[in-house]
Amino acid sequence: MNKIGFIGAGNLAGSIIKGLNQSNSSYKMYLYDIQKDKADSLALKFNANSCSFREVVSNADILILAVKPQDIIQLLQNLSTISLGEKLIITVAAGISLRAYECLLPKTAIVRAMPNTSSAVLKSMTALVRGQYVTEPQMEVADKIFSCLGKVLWVKDTKMNAVTSVSGSGPAYFYLLTELMAKAGIKLGLTEDEANFLARETLIGVGTMLAEDKRTVKELREAVTSPNGTTYAAISIFREEGLENIVSKALEAAAKRALEMEGEYFGGNVKKGSN
Ligand SMILES: NC(=O)c1ccc[n+]([C@@H]2O[C@H](COP(=O)([O-])OP(=O)(O)OC[C@H]3O[C@@H](n4cnc5c(N)ncnc54)[C@H](OP(=O)(O)O)[C@@H]3O)[C@@H](O)[C@H]2O)c1
């Protein structure tokens, strides 16, 4: 299993190909995009092959469906007319359950992946779900592919809406907090450039600490929160104003939206209880 076909050659496909390239893996890659110039330019950059839809499907052992969720149904309908045999299908579209794929591509090995946008810098947190026809060697291949993009966690499909709300949408929450910290810094007398620089570099430092320090997040926070100090004063306000409740409600909303999206994209195409 060393031939990967990409259907959709946009941002995420580009990140995966970049990650695979950096890991010196020996995969042969085939790309198809309805915007042919996208597939051509990625193929040129990474020594891959830009081909037709049929060629990608017939050449690849592993097919990565890297199109937007709203384009998935049409793509699956096209794929369902082709014999996929032993191929492994990996899908990255948000908000569509494994059951939905297995309904449209019966008896096919399907892995559902939920990376996040830090895939662009090969720091994605990716959750993977194993479909019922996926073999152990196919699982290992999927794991290896997404490990080139960052970290991997295998979960049950029923947890994917929670995963979406934590790590899928997660990068945006940290961007928002960074923006709000910079805005508050400006109110305290910093220039916009100073405040942005301070907030942004603080987040980068925190990410690196979390990656390199073995202590838990709580231990790291407590270590920098001396009683009655400046950090303590700020954290007391976060608590008093109900930050915990806000975060909890926000993540519940994201999970609920992920659930709704499946109905929107698939409508009546999924039989209930088919997985
Ligand atoms: N970017 C990330 O870091 C990230 C993270 C997590 C999950 N994802 C998921 O990854 C998927 C792709 O995201 P992306 O950011 O890479 O999107 P993108 O940059 O828009 O790339 C998708 C490409 O696929 C093309 N396309 C649409 N329908 C097609 C079809 N039937 N056959 C072949 N190509 C087709 C699109 O063309 P048009 O633009 O003309 O439609 C576009 O060029 C999405 O489902 C998203 O939810 C992405």
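Here are a few things to note about the model shown:
- Residue within the range 79-87 that is in contact (Cβ under 8 Å) with a residue 24 or more places away in the chain and either in a helix (DSSP H, G or I) or of a type in the set (Phe, Trp, Tyr) (or both) present: yes
- Selected residue (criterion: farthest from the ligand (Cβ to nearest atom)) from residues of the range 92-116 that are without any contact (Cβ under 8 Å) to a residue 60 or more places away in the chain and under 22 Å from residue 21 (Cβ atoms): 111
- Restricted to the range 24-40, and to residues there that are out of contact with any helix residue (DSSP H, G or I) (no Cβ under 9 Å at 6 or more places or on another chain) and more than 9 Å from the ligand (Cβ to nearest atom), the residue that is nearest to residue 149 (Cα to Cα) is 24.
- Just one of the numbered conditions (1) among the hydrophobic types (A, V, I, L, M, F, W, C); (2) modelled with pLDDT of 90 or more; (3) more than 10 Å from the ligand (Cβ to nearest atom); (4) not in a loop (DSSP other than H, G, I, E, B) is not true of residue 64: (3).
- Neighbours by Cβ (under 6 Å, 6+ apart or cross-chain): first from the range 147-163, closer than 18 Å to residue 134 by Cβ; second in a strand (DSSP E or B) and not hydrophobic (A, V, I, L, M, F, W, C): 152/126
- Some residue of the range 85-105 being surrounded by fewer than 14 Cβ atoms within 10 Å (Cβ to Cβ) and either under 19 Å from the mean Cα position of the chain (by Cα) or closer than 25 Å to residue 265 by Cα (or both): no
The values are calculated or read from the model by the stated rules, or taken from the named source; none is laboratory data. None of these values were measured; they are calculated from a predicted model. No Cβ is skipped: glycine too gets one built from the backbone with ideal geometry, and neighbour counts run over all protein chains shown.
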